[in-house]
Amino acid sequence: MTTGDDMREVRVELGERGYVVRIGPGILAGLGAALRAVLGEGGSSVAAVITDENVAPLYGGCAIDSLRRAGYDARLVTVPAGDATKSLATASRLYDELAAAHMERSSPVIALGGGMVGDLTGFVAATWLRGVPFVQCSTTVEADVDAGVGGKTGVNHPAGKNLIGAFYQPRLVLMDTATLDTLPDRDFRAGLAESIKHGAIRDAAFLEWHHRNAHRILAHDAAAVAELLEKNVRIKADVVAADEREAGLRAILNFGHTIGHAVETLMDYEWRHGECVAVGMVAASRIGVRRSIMSAADAGRLRTLLETFGLPTRIPATIPPDRVIELTKMDKKVAAGKVKFVLVPRFGETVFRNDITDVEIRQAVEDMKP
Ligand code: GLY
């Protein structure tokens, strides 16, 4: 994406835990000064930036230089790329690094990367010394539109995704849109699944905006991408401000995630999260249509939009429906043994159903095989 776009700012209204999300090209270079402004001058001067081996050579230097210019004794800690890294074993290795760096309660921990790095780093920040200041510097569309905002942190367990975690809000979020220039096209498109999800569950006009602006978005047009990110952050911030800990409303963000997470686990994390959410939304739409909750026309329109962005809408033949059913029962949204499904009666609206049967899940999965 080219530069020249203005900086945008969205506040996540969470009282004393509220924070600002800044979106714009080149803003990573201002990380140190922005952090000083948020944390004040008096705190610890030790800082750690946690990133992965893909992002470290691209943006690690920029983040560290910026922190050093602001007077921080900053170190870069690199973990392997890929969701397999999001584990308690990696968290434990990161605690070793923080101990070696003599990180104190006021020492900031900065996530530099996509959703995996953000979730893992946030979990480490939430638990080290019972919580140190956490900053998100996201470098992927997926993290910008979803994972980077809202304070869900965590690591995976062999039994399922994100089963170990904490709600822990960042103090500051920076989305440097210039970092999307180096994002592989597959990852760029995968991130758009969460944007389409936000339109489907919360804002029908925004969903239509994706249809009208598909060419600009896919061409990484700077103005279109900045508008897309800001709109997503506003939708997410609004939902999180209303229901930070997912007591009710926030669960609408799980549209497509129940079957999507199962597919993600069964694909051994080889599919991108957004790709799994795309097939999960198609599966949930199929269930909705069979229950006469969603119209076939809307389900078709959603599927077409996902296909426009090159996202998968079929479940690989190798995925056994029984395992999908089994894994949905491990979902965090299970209450009293019932899986809580999010369905979309019409774009912009959602309903919850906790009586979706194994037969309905099996049917949706079978229907989606190539
Ligand atoms: N990614 C869903 C949420 O933040 O609640």
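The values are calculated or read from the model by the stated rules, or taken from the named source; none is laboratory data. This structure is a prediction, so every number in the text was calculated from the model and none was measured. Neighbour counts run over all protein chains shown; Cβ positions are idealised from the backbone, glycine included. Calculation scope for accessible area: heavy atoms of the full protein, side chains included, ligands and nucleic acids excluded. Shrake-Rupley method; radii C 1.70, N 1.55, O 1.52, S 1.80 Å.
Tabulated data
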quantity: Residue 253 vs. criteria away from the ligand (no atom under 16 Å from the Cβ), on the phi < 0 side of the Ramachandran plot and either surrounded by 24 or more Cβ atoms within 10 Å (Cβ to Cβ) or touching a residue at least 60 places away in the same chain (Cβ under 8 Å) (or both); calculated: no
quantity: Extreme residue, nearest to residue 304 (Cα to Cα), among residues of region 209-232 that are touching a residue at least 60 places away in the same chain (Cβ under 8 Å) and either surrounded by fewer than 16 Cβ atoms within 10 Å (Cβ to Cβ) or within 12 Å of the ligand (Cβ to nearest atom) (or both); calculated: 211
quantity: Residues of region 268-280 satisfying the condition of being away from the ligand (no atom under 14 Å from the Cβ) and either assigned to a helix (DSSP H, G or I) or touching a Ser or Thr at 6+ places or on another chain (Cβ under 9 Å) (or both); calculated: 275, 278, 279
quantity: Residue check, residue 86 out of contact with any strand residue (DSSP E or B) (no Cβ under 7 Å at 6 or more places or on another chain), under 22 Å from residue 331 (Cα atoms) and basic (Lys, Arg); calculated: no
quantity: Residue match in region 281-298 (condition: hydroxyl-bearing (Ser, Thr, Tyr) and assigned to a helix (DSSP H, G or I)); calculated: yes
quantity: Matching option when the condition is among the hydrophobic types (A, V, I, L, M, F, W, C), part of a loop (DSSP other than H, G, I, E, B) and under 18 Å from residue 211 (Cα atoms), among 306, 311, 302; calculated: 311
quantity: Conditions (1) of a type in the set (Val, Ile, Thr); (2) under 16 Å from residue 124 (Cβ atoms); (3) more than 14 Å from the chain's Cα centre (by Cα): number failed by residue 155; calculated: (3)
quantity: Close pairs from region 144-173: first away from the ligand (no atom under 14 Å from the Cβ), partner part of a loop (DSSP other than H, G, I, E, B) and open to solvent by less than 20 Å² (accessible area, probe 1.4 Å), Cβ under 8 Å, at least 6 apart; calculated: 155/86; 156/86; 160/331; 171/108; 171/133
quantity: Qualifying residues in region 329-355 (those that are modelled with pLDDT under 95 and either farther than 28 Å from residue 245 by Cβ or β-branched (Val, Ile, Thr) (or both)) - the one surrounded by the most Cβ atoms within 10 Å (Cβ to Cβ); calculated: 339
